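Peer 1: Below: one structure in structure tokens.
The values are calculated or read from the model by the stated rules, or taken from the named source; none is laboratory data. Here the structure is a predicted model, which means the values were calculated and not measured. Note that each Cβ is placed from the backbone with ideal geometry, even for glycine, and that neighbours are counted across all protein chains shown. The protein model used for the area step is the full one, side chains on, heavy atoms only, and it has no ligands, DNA or RNA in it. Shrake-Rupley method; radii C 1.70, N 1.55, O 1.52, S 1.80 Å.
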Amino acid sequence: MSTQKRSCFKWYPRLFTADMIRALLDGRKTATRWPLRKQPVGEITYQGEYAWEDATGAVFHAPVRPGDVLWARETWVELLAVSPSTDDPMPVGPGEQLIEPPTFYKDKKGNKRWNYDGTVIAYRANSNVEFCDGDGFSGEMADKGDIPHWRASIHMPRKYARLFGRVTDVKMVRVQDISEAEAKAEGSMPEFDMDAADFINGAHCSSSTYILGFKHIWQQLYDSGPHAWSVNPYVWAADFCLIPKPEDE
């Protein structure tokens, strides 16, 4: 496919598991695949301009094109920028992002006092944050009804996202039509094709492959529904490169 970019781009959200977020952070993931909700019938033919036609004449247009921006939705939580347990701004590590800094005032003695405001977003994939209640208690002593809770990735707004990928190519393929290089670019790790019983019985172990690693990831995500690996559904396969958060064009 052509990699020519358009003069403007479209934002496109993608849900990623914690393992895939860590693969993005490590620079191991530069591709993503997801099933078409409506599956083509029979074989497909490329029509140009990122469109494919199936055996019935139905045309499917790619939801993204080169130049568009994927943004990662991940498990997250919104926190105050000041910790009730220390009365100081909370440390912002690799798994947190300061969105709005806290404000402060001077007390009668001229000491700086922090207001309980500001916003920090913590990301579950690599955050070590410990939640506390409004009185500063954590763990077993915390009021469970007064502590933050992780929020599902589907509810993350774009303004809190931290990972963005500029699409460089997109195509429609069967999920099983994937090469070793493509499976590695998905962020998968090499795995062996052997079940526990064979291993216990001393069966010979074949070499590991990234395709098997990707197959395992797909099965965890989709094998309980209509897009199982064994069905070999059509998918959108997009390559991308990680970029800083872009401004709207």
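Peer 1: Among the residues of the stretch 4-37, write down those that are part of a loop (DSSP other than H, G, I, E, B), at pLDDT 95 or above and more than 22 Å from Asp223 (Cβ to Cβ).
Peer 2: Result: Lys10, Gly27, Arg28, Thr30.
Peer 1: Can you find, within the stretch 181-191, the residue that is modelled with the lowest pLDDT among those that are open to solvent by 70 Å² or more (accessible area, probe 1.4 Å) and in contact with a helix residue (DSSP H, G or I) (Cβ under 7 Å, 6 or more places away or on another chain)?
Peer 2: Met189
Peer 1: For the stretch 228-249, which positions are open to solvent by 40 Å² or more (accessible area, probe 1.4 Å), closer than 24 Å to His216 by Cβ and outside any strand (DSSP E or B)?
Peer 2: Ser230, Val231
Peer 1: When you check Gln176 against the structure, is it touching a helix residue (DSSP H, G or I) at 6+ places or on another chain (Cβ under 9 Å), closer than 27 Å to Val235 by Cα, in contact (Cβ under 8 Å) with a residue 24 or more places away in the chain and open to solvent by less than 80 Å² (accessible area, probe 1.4 Å), yes or no?
Peer 2: Spelling it out, Gln176 is indeed touching a helix residue (DSSP H, G or I) at 6+ places or on another chain (Cβ under 9 Å), closer than 27 Å to Val235 by Cα, in contact (Cβ under 8 Å) with a residue 24 or more places away in the chain and open to solvent by less than 80 Å² (accessible area, probe 1.4 Å).
Peer 1: Next question, about the same structure. Just checking, how many residues over the stretch 70-90 are in a strand (DSSP E or B) and either without any contact (Cβ under 8 Å) to a residue 12 or more places away in the chain or not β-branched (Val, Ile, Thr) (or both)?
Peer 2: 8
Peer 1: Could you list all residues from the stretch 128-154 that are within 29 Å of the chain's Cα centre (by Cα), without any contact (Cβ under 8 Å) to a residue 60 or more places away in the chain and open to solvent by 90 Å² or more (accessible area, probe 1.4 Å)?
Peer 2: Within the stretch 128-154, Asn128, Glu130, Lys144 qualify.
Peer 1: Answer yes or no: is there a residue in the stretch 38-55 that is assigned to a loop (DSSP other than H, G, I, E, B), under 18 Å from Ile154 (Cβ atoms), modelled with pLDDT of 95 or more and not acidic (Asp, Glu).
Peer 2: no
Peer 1: Filter the stretch 96-127 down to the residues that are polar (S, T, N, Q) and either modelled with pLDDT of 95 or more or surrounded by 12 or more Cβ atoms within 10 Å (Cβ to Cβ) (or both), then identify the one that is nearest to Leu24 (Cα to Cα).
Peer 2: Asn126
Peer 1: Please go through the stretch 156-173 and give me each residue that is surrounded by fewer than 16 Cβ atoms within 10 Å (Cβ to Cβ) and part of a helix (DSSP H, G or I), ordered by number.
Peer 2: Scanning the stretch 156-173 gives Arg158, Lys159.
Peer 1: Among the listed residues His227, His216, His204, which satisfies the condition of being more than 27 Å from Gly27 (Cα to Cα) and either touching a strand residue (DSSP E or B) at 6+ places or on another chain (Cβ under 9 Å) or modelled with pLDDT of 95 or more (or both)?
Peer 2: Sole residue among the options that is more than 27 Å from Gly27 (Cα to Cα) and either touching a strand residue (DSSP E or B) at 6+ places or on another chain (Cβ under 9 Å) or modelled with pLDDT of 95 or more (or both): His227.
Peer 1: Let me ask something else about it. Can you confirm whether the stretch 79-95 contains a residue that is open to solvent by 30 Å² or more (accessible area, probe 1.4 Å), more than 27 Å from the chain's Cα centre (by Cα), over 15 Å from Met156 (Cβ atoms) and small (Gly, Ala, Ser)?
Peer 2: Yes, that holds for at least one residue.
Peer 1: Before we move on, is Val59 among the β-branched types (Val, Ile, Thr) and without any contact (Cβ under 8 Å) to a residue 24 or more places away in the chain?
Peer 2: yes
Peer 1: Consider Gly67 carefully, then state whether it is more than 30 Å from Trp218 (Cβ to Cβ) and either in a loop (DSSP other than H, G, I, E, B) or open to solvent by less than 80 Å² (accessible area, probe 1.4 Å) (or both).
Peer 2: Judged against the criteria, Gly67 is not a match.
Peer 1: Please work out which residue is nearest to Ala161 (Cα to Cα), limiting yourself to the stretch 25-54 and to residues that are among the hydroxyl-bearing types (Ser, Thr, Tyr) and open to solvent by 60 Å² or more (accessible area, probe 1.4 Å).
Peer 2: Out of the qualifying residues, it is Tyr46.
Peer 1: Just give me the residues in the stretch 131-155 being touching a Ser or Thr at 6+ places or on another chain (Cβ under 8 Å), more than 20 Å from Asp87 (Cα to Cα) and not in a strand (DSSP E or B), in sequence order.
Peer 2: Selection gives Trp150, Ala152, Ser153.
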